[in-house]
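Data first, discussion second: the structure below is written as structure tokens.
Every number in this text was worked out from the coordinates using simple rules, so none of it is lab data. Bear in mind the structure is a predicted one, so any value in this text is a computation, not a measurement. FYI the Cβ positions are ideal-geometry reconstructions off the backbone, even for glycines, and counts take in every protein chain you see.
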Amino acid sequence: MSEVKTADIAKLRKLTGAGMMDCKKALQESDGDIDKAIELIRERGKAIANKRADREASEGAALAATSADKKIGAVVALNCETDFVAKNDDFVGLTNNILKVAIENKPADLEALKALKIDGRAIGDLVLDQSGITGEKFELSFYELIEGEVVVPYIHPGNKLACIVAFNKGGFDEQVGKDVAMQVAAMNPVAVDTDDVPEKVRQQEFEIGREQARLEGKPENMLDKIAQGKLQKFYKESTLMNQDFIKDSKMTISAYLKSINADLKVIAFKRVSLNA
């Protein structure tokens, strides 16, 4: 192996983010060729990622943000194996950079986001590279984007839970948006309103209610009526606009928004949680 210059090691480290010793070894093996050394580091990242493919990457950072005009919001989750790496400034910085690219380009889905580039590297490849740098499995596991007249982001302390909420109109105090976003974070609704509940979920909850009534010994001709009542309770507990407001249980989220503006509504939300 040839001797390498300290300046070349520093340059390679800046280009790849790899550790000093990893950069030195790659340069020695490539006879000082920077491009070949970069490729060696990336190949090691792929090898580590493949080796650790069956490992659970349950730690990470879940972050949310909006465009400057607050009309576009995105939420992403980048996973790793340990809380130590998840709290690293570089890891959080990478997640924020991915989030910024998502908002700027509005990719259609997670795979489209992975194909977008940061500093000339596809995000999917960039995430893979980090496995070689840290020795941990990295995975970009979640991405959603919504639009509205106003979109409000919320990141729970610790970067393990994040959400975005879109409203049909603006002109309300910032705290109102934060209140609703915190409601989404805390109560994890399945849909905005009753009509937005997926039919599969609706049918599943109805059948659960029917079976519960049967097991309780209720008459057969009453099962559907009882199941319908249980379904209404599910809507109350699990749809955002019908949930009790966590800051004032005497009113629903719908009533809270009407108290601000009679026409104010939530039109969409997205939420992601790690370790939950």
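Results, tabulated for the structure shown:
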| read-out | value |
| --- | --- |
| Computed FRET value (nearest 0.05) for Asp90 with Asp33, which takes r as the C-beta separation and R₀ as 30 Å | 0.70 |
| Per-pair calculated FRET efficiency, R0 = 22 Å: Ser273 and Gln204 via Cβ, rounded to 0.05 | 0.55 |
| Helix-only CD estimate at 222 nm, as mean residue ellipticity for the chain, using -39500 (n - 2.57) per DSSP H run (n ≥ 4) | -15000 deg cm²/dmol |
| Set of lysines with alpha-carbon distance to Lys24 below 17 Å, sequence-local pairs under 8 removed | Lys5, Lys11, Lys14, Lys36 |
| Full-extension gain in nm, Glu111 to Ala186, via 0.36 nm per residue minus C-alpha separation | 24.2 nm |
| DSSP-assigned coil residues among GluC sites (Glu not before Pro) in the range 212-276, each with at most 14 further Cβ atoms within 10 Å | Glu216 |
| Which label in (i) 1.12; (ii) 0.95; (iii) 0.97 gives the computed Rg/Rh (Cα atoms, Kirkwood Rh) | (i) |
| Net +/- balance of residues flanking Val101 in space, Cβ distance below 15 Å, scoring K and R +1, D and E -1 | -1 |
| Chain lengthening between Gln175 and Glu149 when straightened (0.36 nm per residue, less Cα-Cα) | 7.7 nm |
| Reachable lysines, given that their alpha-carbon falls under 16 Å from the alpha-carbon of Lys87 and they are not under 8 places away in the same chain | Lys137, Lys160 |
| Total formal charge among the other residues, if their Cβ is under 13 angstrom from that of Ser249, Lys/Arg +1 and Asp/Glu -1 | 0 |
| Extended-chain gain in nm, criterion 0.36 nm per residue less alpha-carbon gap, Thr194 and Asp83 | 36.2 nm |
| Relative contact order for the chain, counting Cα pairs under 8 Å that sit 6 or more residues apart, in percent | 19 |
| The chain: most fluctuating residue of Lys70, Lys36, Lys225 per GNM, C-alpha cutoff 10 Å | Lys225 |
| Computed E for Ala262/Lys100 - FRET, C-beta separation, R0 22 angstrom, nearest 0.05 | 0.05 |
| Protection-proxy order for peptides 183-191, 196-204, each taking the mean of Cβ atoms within 10 Å per residue, highest first | 183-191, 196-204 |
